Amino acid sequence: MEAADLSAAAEALALQVDLLLLPPEIPAPGAPALSVVLDRLFAHWLTLPDTVALVGCLVQKAKASGGGGGGGAAGAAVGPGSAMLPSMMMQGGAAVPPLSPRSPRLSRRPSGVGTGGQSNRSASPLRPATARAVKEVIPQFYFQDGRPPTYELKKQCIAIVDQLFAGHSNGLRIQEFRLVTRELCKLPSFFTTVLFGKIDKENTGFVTRDAFIDFWLNSNMVTMDVATQVFIILKQKNQDFLTKEDFKPVLRDLLDNHPGLEFLKSTPEFQERYAETVVYRIFYCLSRIGGGHLTLRELKRGNLIDALRHADDEEDINKVLKYFSYEHFYVIYCKFWELDTDHDFFIDKENLIKYGNHALTYRIVDRIFSEVPRKFTSKVEGKMGYEDFVHFILSEEDKSSEPSQEYWFRCIDVDGNGILTHNELQFFFEEQLHRMECMAQEPVLFEDILCQLIDMIGPENETFFTLKDFRRCKLSGHFFNILFNLNKFMAFEARDPFLIRQMREEPSLTDWDRFARREYIRLAMEEDGEDASNASGDVWDESLESPF
């Protein structure tokens, strides 16, 4: 008897599986032919013996309870065959288990057939309501022309514009527009000229309210970051980079209006040299690609925006150490003028070898004039121009900066394979060793120097050095000085306590900042001494001529 019950239960279970996993030939839900197939299956299920017994039992219980189809009593009276009831027949019960996911075989055909193209997938008893697809709306995150301003921001800006342009129906002149540049646009005031020209395309001499709103609000400039605003204002049309010429209007405005540079108005030639030097320093520090181009990414990664704001807020231009210090320009120009003995504004090898009291070796000077670290802009063979000298002196006096590391790495990398081998280091140190012997200094074996260099840099592979190794080390300047700058090498070995204390007291200053300050003091003292001697000579001459 027990065997017969088990056989009947197995057959009923097999029937349930066959009902849930429909064969492949059955149409997808929503198709017209599906109702016919379901009717046949339901009719077949009703003819089964277990189904007949179950239905009869339910009918009797319903009559006994007065016709109510109560769930609790009926559920308790269900016999063993009720365990095999398909889940679609018990969805009205109190404890309904979750339906299993639809078989992948049922999703071969697209739904939406029938009721006007509407999907009937959710109507299928084999698909739970929680599995219905929910359309997720992703907000727009990229705007080609900048994110449009919000209504509140636009309303606020228009109110400020109306206040600034009140009483100027014809528009603002360039001097009146300076307040708009600084207060509304939040840009340095010496961007007034270039911003004014960007809006006043017809050169009328006025910027109207509507023209400013069209440029600043309608083109979404107000929502951009400061670096992008500066880039768009400075760059030429149909270009995606900045050139040195693009900075000239900004520097001209700075020279004309900054109180710290007012004394230069009497010497226009030095105004031009100052502006050139500032632009050369900007491209030296920021332009990593080279070619005289500055991209938006390079502008954002640099510190030019902070320096521009500092120069606009600070009356003493010499306190703006990044790019704009006049004392830094004075040191660079005087150093160039000292080496350019014939004053043709070019420097050759014999001139450069005298730099720093003959501190550099001939081999490193040859590498510089072979234009390996940087192509000369002088266009004269064997001659270095002023821009080339600016790159040289910035690299020589601060070898810890990234541009300087790249500059000297290319010089030492004789074969150009991107690594510095021990043979290349020895090639440059040989001349350094010879100079030490000529100065009666105790010679140091290259093997000892090599161990010191490896300990100093800590390369990933001790058989060679890469540019990445120098990026991770703060002592890269001493590394290069050991190879080709004898004066700085000896100063490093002596461990000058004055320099060490100075570095500890002012850690924010770079090697270039300290060098420029020392040199400016020295040059100023020399100039004062010459003025004093000239003045005493004039007095002496007058005393000699007075009796006559």
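The values are calculated or read from the model by the stated rules, or taken from the named source; none is laboratory data. Bear in mind the structure is a predicted one, so any value in this text is a computation, not a measurement. Please note: Cβ atoms are built from the backbone with ideal geometry, for glycine as well, and neighbour counts cover all protein chains shown. The area values use the complete protein model at the heavy-atom level, side chains included, leaving out ligands, DNA and RNA. Shrake-Rupley method; radii C 1.70, N 1.55, O 1.52, S 1.80 Å.
Brief remarks follow.
- Selection status of residue 366, in a helix (DSSP H, G or I) and assigned by the TED database to the domain that holds residue 436: yes
Conditions tested, residue by residue: (1) in a helix (DSSP H, G or I); (2) at pLDDT 90 or above.
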{"residue": "503", "(1), (2)": "yes, no"}
{"residue": "508", "(1), (2)": "no, no"}
{"residue": "514", "(1), (2)": "yes, yes"}
{"residue": "528", "(1), (2)": "yes, no"}
{"residue": "536", "(1), (2)": "yes, no"}
{"residue": "547", "(1), (2)": "no, no"}
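- In region 229-251, the residues that are free of Cβ contacts under 8 Å to residues at least 12 places away in the same chain form Cβ pairs under 6 Å with partners that are surrounded by 18 or more Cβ atoms within 10 Å (Cβ to Cβ), at six or more places apart or across chains, as follows: 235/242.
- The helices (runs of 4 or more DSSP H) located wholly in region 171-256 that include 2 or more residues which are closer than 25 Å to residue 325 by Cα occupy 192-199, 226-234.
- Residue check for residue 396: touching a residue at least 24 places away in the same chain (Cβ under 8 Å), of a type in the set (Asp, Glu) and surrounded by 20 or more Cβ atoms within 10 Å (Cβ to Cβ): yes
- Residue in region 153-176 that is open to solvent by 50 Å² or more (accessible area, probe 1.4 Å) and among the aromatic types (Phe, Trp, Tyr) present: no
- Of the residues 317, 289, 305, 332, the single one that is of a type in the set (A, V, I, L, M, F, W, C), open to solvent by 30 Å² or more (accessible area, probe 1.4 Å) and within 31 Å of the chain's Cα centre (by Cα) is 289.
- Checked against the criterion of being at pLDDT 90 or above, open to solvent by 80 Å² or more (accessible area, probe 1.4 Å) and not in a helix (DSSP H, G or I), the candidates 430, 442, 460 yield just one match: 460.
- Within region 505-519, the set of residues being among the basic types (Lys, Arg) and in contact (Cβ under 8 Å) with a residue 60 or more places away in the chain comprises 517 only.
- Any pair with Cβ under 9 angstrom, 6 or more apart, that starts in region 358-374 at a residue that is closer than 19 Å to residue 426 by Cβ and ends at one that is among the acidic types (Asp, Glu) and assigned to a loop (DSSP other than H, G, I, E, B): 372/413
- Residue 425 vs. criteria under 37 Å from the mean Cα position of the chain (by Cα) and not in a helix (DSSP H, G or I): no
- Verdict on residue 388 being crowded, with 19+ Cβ neighbours inside 10 Å, in contact with a strand residue (DSSP E or B) (Cβ under 9 Å, 6 or more places away or on another chain) and assigned by the TED database to the domain that holds residue 340: yes
- Condition met for residue 296 (closer than 20 Å to residue 224 by Cβ and surrounded by 15 or more Cβ atoms within 10 Å (Cβ to Cβ)): yes
- Selection from region 463-495 of residues that are open to solvent by 80 Å² or more (accessible area, probe 1.4 Å) and over 17 Å from residue 413 (Cα atoms): 472, 474, 493, 495
- Residue within region 308-331 that is among the hydrophobic types (A, V, I, L, M, F, W, C), over 27 Å from residue 186 (Cβ atoms) and not in a loop (DSSP other than H, G, I, E, B) present: yes
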